[in-house]
Amino acid sequence: MHPWLSRLRHDLVKRAVWAARDVRDAAREPRPGDVAELRRGLFDLRDGEGRMVDAAALWERLRADAPGVPAAALDAFGAAVADAQRAVAGTSDSRGALDAVLRIETAFADLARTLEEE
């Protein structure tokens with residue numbers, strides 16, 4: 001895997017979807033408390049210098065270092081991150097929030113494929 005993808009996966013994707021995977025694997029409907037965990041995975045991240053940052057801001061920093069990835073693929077991943085953040089911000093739709101966060105994994109896989117095709 002390309003080092004940039006590894007960094008994106010480690011710094012953003014894994015942290016954002018960790019709680020979502022746990023909720024999905026619990027084989028129950030997500031609860032309001034689960035949404036709080038999902039929110040932390042998107043809004044309580046750390047950048048390379050250890051400063052607090054949300055997923056969208058971290059993505060913009062990582063995107064700046066993207067190694068020749070088509071803009072459309074970068075935009076699609078960024079949209080998934082933005083959608084997830086909107087879904088967990090003050091929502092009462094726990095299932096929708098969970099699904100939106102899990103879509104970050106799919107968007108990452110799509111992004112990774114575009115880099116592998118280069």
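The values are calculated or read from the model by the stated rules, or taken from the named source; none is laboratory data. Because the structure is a prediction, the values reported are computed rather than measured. Cβ: placed from backbone, ideal geometry, glycine included. Neighbour counts: every protein chain shown.
This table checks each residue for (1) small (Gly, Ala, Ser); (2) closer than 17 Å to Lys14 by Cβ; (3) touching a Leu at 6+ places or on another chain (Cβ under 8 Å).
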{"site": "Arg31", "(1), (2), (3)": "no, no, no"}
{"site": "Ala36", "(1), (2), (3)": "yes, no, no"}
{"site": "Arg40", "(1), (2), (3)": "no, yes, no"}
{"site": "Phe43", "(1), (2), (3)": "no, yes, no"}
{"site": "Asp54", "(1), (2), (3)": "no, yes, yes"}
{"site": "Ala64", "(1), (2), (3)": "yes, no, no"}
{"site": "Pro67", "(1), (2), (3)": "no, no, yes"}
{"site": "Ala71", "(1), (2), (3)": "yes, no, no"}
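Contact map, the stretch 15-27: first residue more than 16 Å from Arg46 (Cβ to Cβ), second residue outside any helix (DSSP H, G or I), Cβ cut-off under 8 Å, separation 6 or more or different chains; pairs are Val23/Pro30.
The single condition from (1) surrounded by 14 or more Cβ atoms within 10 Å (Cβ to Cβ); (2) over 18 Å from Ala109 (Cβ atoms) that Leu74 fails is (2).
Within the span defined as the stretch 54-74, every residue fails to be closer than 25 Å to Glu29 by Cβ and basic (Lys, Arg).
Looking across the stretch 86-109 at every residue that is free of Cβ contacts under 8 Å to residues at least 12 places away in the same chain and farther than 15 Å from Glu29 by Cβ, the one that is farthest from the chain's Cα centre (by Cα) is identified as Gly90.
Is it true that some residue in the stretch 25-41 is surrounded by 20 or more Cβ atoms within 10 Å (Cβ to Cβ), modelled with pLDDT under 90 and either in contact with a His (Cβ under 8 Å, 6 or more places away or on another chain) or not in a helix (DSSP H, G or I) (or both)? Looking for residues that are surrounded by 20 or more Cβ atoms within 10 Å (Cβ to Cβ), modelled with pLDDT under 90 and either in contact with a His (Cβ under 8 Å, 6 or more places away or on another chain) or not in a helix (DSSP H, G or I) (or both), one finds at least one in the stretch 25-41, hence yes.
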